[in-house]
Structures are given as C-alpha cells and as structure tokens.
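Written below as structure tokens is the structure these notes are about.
Just so it is clear, none of the values below were taken in a lab; they were calculated from the coordinates. Note that the structure is a prediction, hence the values are computed from the model and not measured. Virtual Cβ from ideal backbone geometry, glycine too; neighbours counted across all protein chains shown.
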Amino acid sequence: MEPITTITETTIPIMKENIDTDQIIPKQFLKNILKTGYGRNLFFDWRYQKGGKPNPDFILNDPVYKSAKILITGDNFGCGSSREHAVWALKDYGFEVVIAGSYSDIFYMNSTKNGVLAIVLPQDERDILANISPEEKITVDLPKQVVCYKDYKFNFDIDPLWKHKFVNGLDDIAITFGYEKQIEEFEAKMPNFN
C-alpha cells in the first residue's frame, strides 16, 4: 500500500445519499479476480447510456472533473453488499480519498484495507467542498487530521491504528512481515511431526 500523508487534489461532488456498492460497481462486472480494470465501469448505470455511450449529464463524464482524486458524497456511502470490488473500482478510477457523511462498516473497512482514505465530515462542511469549482484543490492532511480549503479547516477523526497504517503505507501483510523474526522463533520451538 502506498503511504498517504498529505494530498492536494481537485474534487468531484456526487451528493447522493445511500450510494450502494451495486451502484458503485454493478454485479455484472465482478468476474475479474484482480484489483484492476474496474475503474472503467465505476458508476456504470449512471455513467453510460444504453449501448455504452457516455451519459453527458453524469458528472464523471464532464472533462473538467477528469483528474479529480477526491470524491465528495452523501451519507451512508458504500451501503448494500459487502463487495470489496467497489473500493477497487474507486481506486482503479483514481480516487485516493472519499469524503462522506457516513459509510457502511464493511465498505469503510474495505477502504482502509485497500488504501482509500474514507473521511467523515458533517453536511455543512461537505456542502462547502461540493460547491467549489472543478479547478480548485483541497488539501487532506492526514497527520494533522484536517481538510483544508482556502480559510476553511475541517477536522476529522480516524482510528490511530488506521492512521499509522496509512501514513506508513502498511497493509495487514506488511504488518505481519514486521513480526517475521518472532514468527520464525515461534516456529523453531514447535515440534516437528513429520
């Protein structure tokens, strides 16, 4: 996992409530066992018209938002099924941060395990961020736990363990490797039953 400390990027607002994982990545695209290739189908049913033609009314198809790395959205983001593919699709598209009012617990855990920083901010603060121009950038400072835009500073909470993992680029496997010496010592003490 790549470390996340400070991210200064443009945003894209999709201010809908209860965006579920089937809306993020529909079930027909879950056949791939890799974590890549999902971005092209992110928000497929909103993003494309019949026949696969891009929907000009959907914000992801607006060229001014093409390089946005921070998604601003509504409450209960990632609800529905527990598919990890939803986070893979967001990450594969290029999103590094999602700022919502709340998340389903499983989606939140999938985000943290896959290197997408999921931040919770109240409605009034998200409304400010959702209404900035597509060219303007905000800064997410994870060590200080603050989202900055112009003179605004919005504080957010994060579990200290997850903050440590993000800042140091650690996933569960990397943390396990940190105990490699202790694991080897333990295994050396185990009887050999061969």
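Counting neighbouring beta carbons within 10 Å and listing from fewest to most, the residues Leu90, Leu129, Leu34 come out as Leu34, Leu129, Leu90.
Residues Asp45, Asp151, ranked from the fewest to the most other C-beta atoms within 10 Å, line up as Asp151, Asp45.
Could you work out [θ]222 nm for the chain from helices alone, using -39500 (n - 2.57) per DSSP H run of at least four and dividing by all its residues? Round to the nearest 500 deg cm²/dmol. Dividing the helical sum by the residues of the chain leaves -8000 deg cm²/dmol. Normalising the average separation of contacting C-alpha pairs (under 8 angstrom, six or more residues apart) by the number of residues puts the relative contact order of the chain at 27 percent. If both residues of a DSSP beta bridge must be in the chain, then about 50% of such bridges are antiparallel. Pair-distance distribution of region 78-134: all C-alpha pairs, bin width 5 Å, starting at 0; shares per bin in whole percent are 4, 20, 27, 23, 16, 9, 1. Going by the alpha-carbon gyration tensor, a ≥ b ≥ c the square roots of its eigenvalues, is region 1-90 rounded (a/c under 1.5) or, if a/c is not under 1.5, prolate (a/b greater than b/c) versus oblate? Rounded shape, in that the Cα axes give a/c under 1.5. Local charge for Gln123 was computed over the other residues whose Cβ lies under 11 Å away, with Lys and Arg +1 and Asp and Glu -1, and equals -4. Within a straight-line Cα-Cα reach of under 19 Å, Lys53 can be paired with the following aspartates and glutamates, leaving aside sequence neighbours fewer than 8 residues apart in one chain: Asp45, Asp62.
Listing Lys137, Lys31 from fewest to most neighbouring C-beta atoms within 10 Å gives Lys31, Lys137.
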